[in-house]
1. If you add up the charges near Ser209, with Lys and Arg at +1 and Asp and Glu at -1, over every other residue whose beta carbon is less than 13 angstrom from its beta carbon, what do you get?
2. Can you give the FRET efficiency to the nearest 0.05 for Asp316 and Ala400, using r as the Cβ-Cβ distance and R₀ = 30 Å?
3. Suppose the chain between Lys115 and Gln330 were pulled fully straight at 0.36 nm per residue; how much longer would it get relative to their current alpha carbon spacing?
4. Excluding Gly192 itself, calculate the net charge of residues whose Cβ lies under 9 Å from the Cβ of Gly192, where each Lys or Arg counts +1 and each Asp or Glu counts -1.
5. Cα centroid distance between region 224-282 and region 27-60, in Å?
6. I need the peptides 292-302, 348-358 ranked by packing, meaning the mean over residues of other C-beta atoms within 10 angstrom, with the highest value on top.
7. For region 37-165, take every pair of Cα atoms, bin their distances at 10 Å starting from 0, and report each bin as a whole percent.
8. If you only keep lysine pairs separated by 8 or more in sequence, or across chains, how many in region 2-241 come under 26 Å at the Cα atoms?
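Read-outs throughout are calculated quantities, based only on the coordinates presented, and are distinct from any laboratory measurement. Fair warning: this is a prediction, and the values are worked out from it, not measured in the lab. Neighbour counts run over all protein chains shown; Cβ positions are idealised from the backbone, glycine included.
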Amino acid sequence: MKFIHAADLHLDSPLLGLTRYEGVPLECTQNPTRRALANMVDLACDESVDFIVLAGDLYDGDWKDYNTGLFFNQQMSRLREAEIDVFMVRGNHDAMNSMTRQLRLPDNVVEFSEKTPETRVLEHLGVALHGQSFPTTAVTDDLSANYPKAMAGFFNIGVLHTSVNGREGHANYAPCSLNSLLQHDYDYWALGHVHNREILHREPWVVFSGNLQGRHARETGAKGCTIVEVQDGNIHLDHREVDVMRWETCRIDISQYEFLDEVTDQTADAVTNALSQIEDKPLALRFELHGAGMLHHELHATLEGWSNQVRAAATDLSSSQVWIEKIKLQTRTLQQEYEHNDSALATLTQLLQELPNDEQALRQLAQHLQPLNKVLPPSLQQGFNYNSTKVDDLDTVRHALHGVRELLLARLSQL
C-alpha cells in the first residue's frame, strides 16, 4: 500500500517580496502554487499511489473568483481518471472561504466532517483514516481529543491540521500534545499547518509534510510531499520535491572584512554555491549581513547602489536563475563613538535608542505613518513585516527604528 501525505497547498497564494522588483524571472511569479500542485498530481500518477491525504489549508482564504477552486477540481479529476482517491481536512485558511462550500468536489475526494471526527475505511487496503475539518478560522480546542482509538487489524491514519506543542511562527490552532496523539495508537499521523517538514516521532510516525511551494523568504529550502509505503508491516517514508522555485537565506559576517569589495565577492561566491544545489529551479536569495566592523557605515551609506550592484552580478552569474530578494543589514560599529559626547549625533543616537521603549512617542509616530497604509502596495506592506500588514503597527515601527538609526548615523557620518 502506498499513499501521499501533503498539506498547506495555499493555492494561488501570492509570493511576497518579489513582485516589486523589475526583471524578476517569470518562473518565480507565474502561478507557482498551481504548478506545484500539478507536479504532485503527476507524481501520484507516476508512482501509482493508492490514495492521497491532504492535511488542510488547500486554499489561502477567500478566492478572488472561482478559478482557484476550478483549478483544484481539475487536478482532482486527473486523479480520478487514475483511480486515486483523496481524503482531506479543511484548515484555518480553508474555513475563511465561503465559495468552497458552493463548489462541489469530484466524487473521488472525501472531505472529513467539520462537526465531529469521522472514520473512513478502505477495506481492500486494510486502511482506516480518521479526521476532522476546521469549522471556523480559529479553532482553539484540541480536535484530536475526540478522535477514536485505532481500529484493530487496520493501518490507522490520523489526519489533522494542528500546532502540536505550539510551533514558532504559526498560530496555535487545534492545539494538542505529541503524547496525546500517540495515545490513539495510530500507525501514522498526517499533520498540516506547519510549513517546514518535520518528523516529530517514529514508530508510530507523526509527520508534518510541509508545504508544496515556498512563498516568501521564511519558507526556505526544498518543498514537497511525503510518499508513505507500507509493505510487510514495514513503513518507509520518502520526501519528494514538487516545488518550482526556491527561497534561501545567506548570512555574511562583515567583521572579518576590511573592504566592501570583499563582501561583494562573498555574495558572488554564495550565488555560485546556490547554483550548484538548485538544479534548474529559479532561486530567490536573501542576504543578511551581520557582525561589527569598519564597513558598517559604508554599507548603510551606500546600500541602494551596492545592493543593485550585487543584484546585477547575481543575474550575470546565474543567467537570471538567481534573484536577490533582499539585502538585510543587521550590522553594527565596533564601538558606538557617538554615545558619550555632547555632539548633535550623540543627542540623535540617544533619542533613537530611547524611542523604541517610549510607547507614547511610538503611538504618536504611528499616527503619522497611518496615511502610508492607503498608498503603499500590499506587497510592500507584507514584505515589511510578515506578521503585520499595517506599517503603523507599534511592533512594526519599533522593529524599523533600528534600521532608521543606523541609516541616519551612516549618512550623517559622511558629512
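1. Numbers: positive: Arg197, Lys223, Arg240; negative: Asp8, Asp57, Glu198, Asp238, Glu241, Asp243.
Local charge sum for Ser209: -3.
2. On the way: r = 32 Å, r/R0 = 1.07.
Efficiency at R0 = 30 Å is approximately 0.40.
3. Details: separation 215, 0.36 × 215 = 77.40 nm, distance 4.79 nm.
Here the answer is 72.6 nm.
4. On the way: positive: none; negative: Asp8, Asp57.
Neighbour charge sum, excluding Gly192 itself: -2.
5. Between the Cα centres of region 224-282 and region 27-60 lies a distance of 21 Å.
6. 292-302, 348-358
7. Over region 37-165, the share of Cα pairs per 10 Å bin runs 12, 41, 36, 11, 0 percent.
8. Numbers: Lys2/Lys149; Lys2/Lys223; Lys64/Lys223; Lys115/Lys149.
Going through region 2-241 pair by pair, I get 4.
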